[in-house]
1. Computed from the mean reciprocal separation of all distinct C-alpha pairs, what Kirkwood hydrodynamic radius does region 33-163 have, in Å?
2. Around S158, which amide H atoms from residues at least 5 apart in sequence, or from another chain, sit under 5 Å from its own amide H, with H modelled in the peptide plane?
3. Between K177 and residues 5 or more places away or on another chain, which pairs have amide H atoms under 5 Å apart, with H built 1.01 Å from N, and which residues are they?
4. Can you put I143, I124 in order, fewest other beta carbons within 10 Å first?
Amino acid sequence: MSKHNKKEEQFTQEEQDLEQEESCEQEQNQSSEEQDKATLYFGQLVRLQADFENYRKRVEKEKPELINFGKTEVILSFLSLYDVLLKAQKQAENKNADIEHIKQGLKMIFEEFAKVFKAQGVQIISAKGKPYDAMTQEVITTIPCAPKDDGLVLEEISSGVKMGDRVIRPAQVVVGKAPEEDPKAVKQDIKENKHKEK
């Protein structure tokens, strides 16, 4: 082999060696960068986990405080009702109490209840005279009625209550139920109607 070919081979070999070294360095750099990223992500994960644990503990600590705050708001809204009830009681205990004064006191009590309910987003569900609705009413009993009143609420034992769109207490109702017709009587009516038509 000629010197020229040997030099070329040597030069080619040196180039390959250089390329391999560069490739190794790049792989090491990539590996190092990936290791750095992994360490960074792991650190972020650990911090996130610690933050979540702190959040969970804080929520558990604040939960009873929020419940007590809600209770306080409700009690404060009922204090005016309590005051009106005390006045009505004093008036009723008065020996010279006039029935009209007692009626007026009761009216004031109901007006106060209406104010509190409205402020809290509470609605009374009126059911009497309306068709039975299983979503807002609870049937206590049924009573016989005329066929036209079948399935209607004939009596309301206690009113239903809604808060927003949610029923918090279903109305307790008495529903009318028409007597079931005797199948023999129905057949007889059909026969009689056919004879009348002829």
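1. After inverting the pairwise mean of 1/r, the radius is 20.9 Å.
2. Close amide H contacts, sequence-distant or interchain: Q172.
3. I143, C145, G151
4. Numbers: I143 11, I124 14.
With the fewest neighbours first, I143, I124 line up as I143, I124.
Since every read-out is calculated from the coordinates, none of them should be taken as a lab result. Please read these numbers as outputs of a predicted model, since none were measured by experiment. A quick note on method: Cβ atoms are made from the backbone with ideal geometry, for glycine too, and the neighbour counts reach across all protein chains shown.
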